[in-house]
Amino acid sequence: MNVQPLLDALGIQEDAAAAMADDLRTRIGELQARLREAETHLEHLAITRRTVTALADRIPDQADSPDLPEHPDYPRILAVFNDAASPLRARDVCQALDHEPLPKNIEGTRAKLKRLVKLDILTEIDPGSFTREQ
């Protein structure tokens, strides 16, 4: 009996099985790399969640925040007053906001300060001198 054709067929099957095993090892390596990336991303999300949760107590409730007019300068103006140790004039606030101290900018800032006074957020303790409402 000639076993050579049987051995040749067996060799072909061994080569195919070896190629399949190599392909599967490559795919497993790729999947392991993707799994590591996904696990790292999950760790970062967990850290972010812990950070946000820890900071949540420091963020004032909306009830504590005044309703500000819709202009980007208003929160910045309040931040200037939060850091101020004494009353401020419109020119001081204008400079703190990095606006050129031109009359039009100072007057625009003064108008915003007056609006905050009307909203009981700021107080005008002397004409043109403003402070944060306590």
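The values are calculated or read from the model by the stated rules, or taken from the named source; none is laboratory data. Only a predicted model underlies this, so the values are computations on that prediction, with no experimental measurement involved. Cβ sites come from the backbone with ideal geometry, for glycine too, and all protein chains shown count toward neighbours. Each accessible area value is taken on the protein alone, full model and side chains, heavy atoms only, with ligands, DNA and RNA left out. Shrake-Rupley method; radii C 1.70, N 1.55, O 1.52, S 1.80 Å.
Flag set for N82, criterion: at pLDDT below 95, in a helix (DSSP H, G or I) and exposed (fewer than 10 other Cβ atoms within 10 Å of the Cβ).
Do we find that S65 is among the polar types (S, T, N, Q), closer than 24 Å to T131 by Cβ and at pLDDT below 90 in this structure? Against the criterion (among the polar types (S, T, N, Q), closer than 24 Å to T131 by Cβ and at pLDDT below 90), S65 qualifies.
Looking across the stretch 102-134 at every residue that is part of a loop (DSSP other than H, G, I, E, B) and more than 32 Å from the chain's Cα centre (by Cα), the one that is nearest to P69 (Cα to Cα) is identified as G128.
Take the conditions open to solvent by 60 Å² or more (accessible area, probe 1.4 Å), on the phi < 0 side of the Ramachandran plot and at pLDDT below 95 and apply them to A96. Does it pass? Criteria not met by A96.
Yes or no, residue by residue, for (1) modelled with pLDDT under 90; (2) of a type in the set (S, T, N, Q); (3) closer than 30 Å to G128 by Cα; (4) open to solvent by less than 70 Å² (accessible area, probe 1.4 Å):
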residue	(1), (2), (3), (4)
A33	no, no, no, yes
A46	no, no, no, yes
L55	yes, no, no, no
P60	yes, no, yes, no
P72	yes, no, yes, no
L78	no, no, yes, yes
D92	no, no, yes, yes
G108	no, no, yes, yes
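With respect to R50, determine if the residue is of a type in the set (K, R), open to solvent by 100 Å² or more (accessible area, probe 1.4 Å) and more than 22 Å from T131 (Cα to Cα). Yes: the conditions hold for R50. State whether the residues of the stretch 5-14 include one that is touching a helix residue (DSSP H, G or I) at 6+ places or on another chain (Cβ under 7 Å) and β-branched (V, I, T). No: zero hits.
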